[in-house]
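Report on the structure given below.
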Amino acid sequence: MTDGLRFGYGQTVGLMGGSFDPAHAGHVHTAVVARKRLGLDHVVWLVSPQNPLKVASSPLSQRLASARALAPRRDQVSDFESRHHCHYSIETIKALKARYKGVNFVFIMGSDVFADLHKWRAWREVMHLVPMAIVSRPPHVIKARTSRPALQFRSYQSQAHSALALARSKPPAWIMLDAPLNRDSSTQIRQSLSI
């Protein structure tokens, strides 16, 4: 089974999962900030078949097209989760690590997602499987910094000067990347379209 992903042994790859319903400039902002600050070789936009914590999403083909239309040219947009029947991030990470041995994966997310990470299935195990980069997203920065994951894993937080080393760090390891804030939101875009 081919999944169309292109990266090799020893490379550093950022994984940015989501519904992308629709993709927007905030996603681009998160990917670009993480790639630059962490020195990543690639960023993969993993378009989920259905986020278990959200109501029914638009058709996968529509969301893939939305992500492909906005993703920077050097990023890869993938339906890996659908192809490999992964319903949760823990399954996706395990499948990618098994399939691409020798690749250094980093999970990328906005601070809005990190603030609710404790609602994910096996979230502590996720923290132990891959380093994480959290990009500041308003208005959730303070909530993310005081969230259960941040507090329970505070001794594993890396400092900004070690951002380039994060991808090769042994998990658990995470960093909060402060950057110019981007307020775009898929929820707000969907709500404005339904008015």
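For the reader, a short list of remarks on this structure follows.
- Here A56 does not qualify as free of Cβ contacts under 8 Å to residues at least 24 places away in the same chain and under 16 Å from the mean Cα position of the chain (by Cα).
- Subset of the stretch 99-156 (residues that are of a type in the set (A, V, I, L, M), more than 16 Å from H42 (Cα to Cα) and in a loop (DSSP other than H, G, I, E, B)): A115, A122
- Considering only residues in the stretch 76-98 that are out of contact with any Phe, Trp or Tyr (no Cβ under 8 Å at 6 or more places or on another chain) and either without any contact (Cβ under 8 Å) to a residue 12 or more places away in the chain or in a loop (DSSP other than H, G, I, E, B) (or both), the one that is surrounded by the most Cβ atoms within 10 Å (Cβ to Cβ) turns out to be D79.
- Positions within the stretch 1-35 being more than 13 Å from R137 (Cα to Cα) and outside any loop (DSSP other than H, G, I, E, B), in sequence order: T12, V13, G14, L15, M16, G17, G18, V32, R35
- Taken over the stretch 51-64, the residue count meeting the criterion of being out of contact with any Ser or Thr (no Cβ under 9 Å at 6 or more places or on another chain) and surrounded by 16 or more Cβ atoms within 10 Å (Cβ to Cβ) is 0.
- All told, V28 falls short of being closer than 19 Å to P131 by Cβ and surrounded by 17 or more Cβ atoms within 10 Å (Cβ to Cβ).
- Residue check for S48: surrounded by 16 or more Cβ atoms within 10 Å (Cβ to Cβ), of a type in the set (S, T, N, Q), within 27 Å of P139 (Cα to Cα) and touching a residue at least 24 places away in the same chain (Cβ under 8 Å): yes
For (1) in contact with a strand residue (DSSP E or B) (Cβ under 6 Å, 6 or more places away or on another chain); (2) over 21 Å from D178 (Cα atoms), each residue gets a yes or a no:
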| residue | (1), (2) |
| --- | --- |
| R37 | yes, no |
| H42 | yes, no |
| P52 | no, yes |
| A67 | yes, yes |
| I93 | no, yes |
| K101 | no, yes |
| F114 | yes, no |
| K119 | no, yes |
| M127 | no, no |
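- Selection of the stretch 36-75 for residues being part of a helix (DSSP H, G or I), closer than 15 Å to G17 by Cα and of a type in the set (D, E, K, R) yields R63, R68.
Every number in this text was worked out from the coordinates using simple rules, so none of it is lab data. Values in this document were obtained by computation on a predicted structure and should not be read as measured data. Backbone-built Cβ (ideal geometry, glycine too); neighbour counts: all protein chains shown.
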